[in-house]
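Here the structure comes first, spelled out in structure tokens, and everything after it is commentary.
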Amino acid sequence: MKNEPIHYTVVPAHPAAHRFEVRCTVAEPARDGQRFALPAWIPGSYLIRDFARHIVSIRAESGGKPVALEKIDKHTWQAASLKQPAALTVVIEVYAWDLSVRGAHFDETHAFFNGTSVFLRVIDQENSPCLVDIRPPKGKRFKDWRVATAMPPLRAAGEKNSKNGGKAKPLGFGLYRAENYDELIDHPVEMGHFSHATFDACGVPHEVVITGRHDCDMSRLTHDLKRICEWQIRFFGEPAPMSRYVFLVTAVGDGYGGLEHRASTALLCSRNDLPYAGMTGLPEGYRTFLGLCSHEYFHTWNVKRIKPAAFTPYDLDRENYTTLLWAFEGFTSYYDDLALLRSGAIELKDWLELMAKTISNVQRTPGRLRQTLAESSFDAWSNFYRQDENTPNAGGGYYAKGALFVLALDLTLRSKTDGRISLDDVMRTLWERHGKTGIGVGEDDIHAIAEACSGVNLKRLFTEGVSGTRDLPLKKLLATFGIELARETAPTAKAPSLGVKTGSDANEVKLANVFDDGAAQAAGLSAGDILLAIDGLRVTPATLDKLLARHQPGDSLRIHAFRRDELMEFTVRLDPPSEDSARLALADGPNTLRKQWLGD
Ligand code: ZN
């Protein structure tokens, strides 16, 4: 393997056309024709996205002369072999108009990219260091733009700033450096006029960058993030595995998403979920945002460093199958809210509410009884990340359901060992054995480690909860910890049930999901149908529940609906309101196990 650095230059070239120009120069290209490829997917988001489809032009040159490029598959090109040793440059233009945490986005207000969208992989030179020259767009209006990324600025001694970009100053344009391609694509980059705040957590400098229109109270946000980050660093043990960390937040009108990286996270949120000056208490939207931050931060350890063996290394050309995503997302989903509680960012009543919500969500997914956690993980590429109208009936997902299994595992360990061993021990053992060493987690290792840590036989729990589809005995488990789990009808769903989920369109009642064995499915209604009238009266999103509330379970209704452009009539026999809403409450009196677990 060669070790000359690969040089990249990123220029946000055409804001109106949303195009980056990216150059990749290889000092020692393969003599028989260097190949270049763009990843088919971005680690953390398990779907083939074929980022190369956004390359709108590509050309190669060497010594000022064009070099022929042959496209050999959907994301790989091969350059003609050079007659004598010389550097080879490939120049691509990339269309960037995906405002998500997974792609690239660029207009005159800001530029954001993930390396997987813009950096060609130089095949067989993946271990070479990478130098990246990040340049500003041309024009006066961009002269105040800054750069935010966890990619380290070049640290070459004696490096002089030159006209075409020297070592980058903090938040500045210029040269950055990554150890290898794997690191290069793990540092998303934001450019523009963003808000920027810093805080220290256990000696590690942290930055919060918010782009987009917003009125965030940065001091409240950094105050809350600091305690969450410090709790997590101490949980796994100091020193933290990263020397700095950046929260890259994009605030929009309505949005939610996050993607984890080794020393940063890209987040998308609704601007109204951010804290504002003078805000008191903890509004639900802000609690959700803190939960998202906590989730992605926990991934710094769990999935960015403790990884399934199937990801060591990632194969960026195709799907990487593992049955373990439930563990990486389930442990992280369990600990994200627990970290909020244990760090003091939320109170026990908030945590009980959040956990009850998770239980309700799983309960409302009939597919949980069809698809196991292991299957859901394995099929993420074609299932979980490609949801359709039948997803709730066919699959259970692995986020919420994974978190509930992990809850059951924690409670089992604690109760069977009288509080001596808990999931915390399992998590820290995973960190010692796999995170610190870089050894991938084998498909059966979680089960084995949990048993080895505790001496408890967990065969039945794993068989039923991971490779089976039985509902977990949460009510019984929680009772041991002085927490009562009740199932009731949600206050917003007191009317008899149609067994559907409707879409969010304000004008028409469109069925988004028709649940298995519900009243609508039995009557022949389908997802996509538009309800027009119930018993001859027009139905709208505002009147649907009111019309249903005037009936009793067992009543028959005449429903008119459009399927495509065809008018159809159905007779629906209403079901009782479903008791799918979970409520958690503390039982009277102290409970030692609960106190050890939740602090109260
Ligand atoms: Zn996650």
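The values are calculated or read from the model by the stated rules, or taken from the named source; none is laboratory data. Quantities reported herein were computed from a predicted structural model and do not represent experimental measurements. Note: ideal-geometry Cβ built from the backbone for every residue, glycine included; neighbour counts use all protein chains shown. When the accessible area is computed, the model is the full protein with side chains, heavy atoms only, and any ligands, DNA or RNA have been set aside. Shrake-Rupley method; radii C 1.70, N 1.55, O 1.52, S 1.80 Å.
Worth pointing out:
- Theoretical FRET efficiency, 1/(1+(r/R0)^6), r = Cβ-Cβ of Asn180 and Leu99, R0 25 Å, to 0.05: 0.30
- Local charge for Thr502 was computed over the other residues whose Cβ lies under 13 Å away, with Lys and Arg +1 and Asp and Glu -1, and equals -3.
- Residues of region 97-113 with amide N under 20 Å of a point placed 7 Å along Cα→Cβ from Ala13: 97-98, 104-113
- When a 1.4 Å probe is rolled over the protein heavy atoms, the share of accessible surface on the chain that falls to carbon and sulfur comes to 48 percent.
- Length gained when the stretch Arg564-Ser270 is fully extended (0.36 nm per residue, less Cα-Cα span): 102.5 nm
- Taking all protein chains into account, the per residue accessible area for the chain stands at 44 Å² (1.4 Å probe).
- Top positive-direction residue, dipole computed over the chain with Cβ charges, set Val500, Gly330, Gly174: Gly174
- Angle of helix 218-236 to the longest C-alpha principal axis of the chain, folded into 0 to 90 degrees and rounded to 10: 90°.
- For region 443-486, the residues whose amide N sits under 17 Å from a probe point set 7 Å from the Cα of Thr429 along the beta carbon direction are 443-463.
- For a label point 7 Å along the Cα-to-beta-carbon line of Lys65, residues of region 85-103 with backbone N under 17 Å: 85-90
- The chain, helix-only ellipticity at 222 nm - DSSP H runs n ≥ 4, -39,500 (n - 2.57), divided by all residues, nearest 500: -7500 deg cm²/dmol
- Cα-based reach from Lys138 at 18 Å (exclusive), listing aspartates and glutamates while leaving out same-chain residues under 8 positions away: Glu21, Glu93, Asp107, Glu108, Glu190
- Greater than 23 Å apart at Cα, pairs in Lys169/Lys307; Lys143/Lys169; Lys357/Lys459; Lys65/Lys169; Lys307/Lys349: Lys169/Lys307; Lys357/Lys459; Lys65/Lys169; Lys307/Lys349
- A simple count of charges around Asp545, restricted to other residues whose Cβ falls under 14 Å of its Cβ and scoring Lys, Arg +1 and Asp, Glu -1, yields +4.
- Placing unit charges on the Cβ atoms only, positive for Lys and Arg and negative for Asp and Glu, gives the chain a dipole magnitude near 1240 debye about its Cα centre.
- Alpha-carbon centroid distance for the pair region 428-482 / region 23-69, whole angstrom: 42 Å
- Counting only alpha carbon atoms, the long axis of helix 284-298 and the longest principal axis of the chain meet at about 50°.
- Within the full protein context, the accessible area of Met218 is estimated at about 40 Å² for a probe radius of 1.4 Å.
- DSSP assigns beta bridges within the chain; of those with both partners inside it, close to 80 percent run antiparallel.
- Between the helical axis of 325-342 and the longest alpha-carbon principal axis of the chain there is an angle of about 80 degrees.
- Per-selection Kirkwood Rh - region 448-563 (Cα, Å, 1 d.p.): 17.6 Å
- A straight chain from Lys501 to Lys349 at 0.36 nm per residue would run longer than the Cα-Cα distance by 51.9 nm.
- Between Glu126 and Tyr321, the contour length at 0.36 nm per residue exceeds the alpha carbon distance by 68.0 nm.
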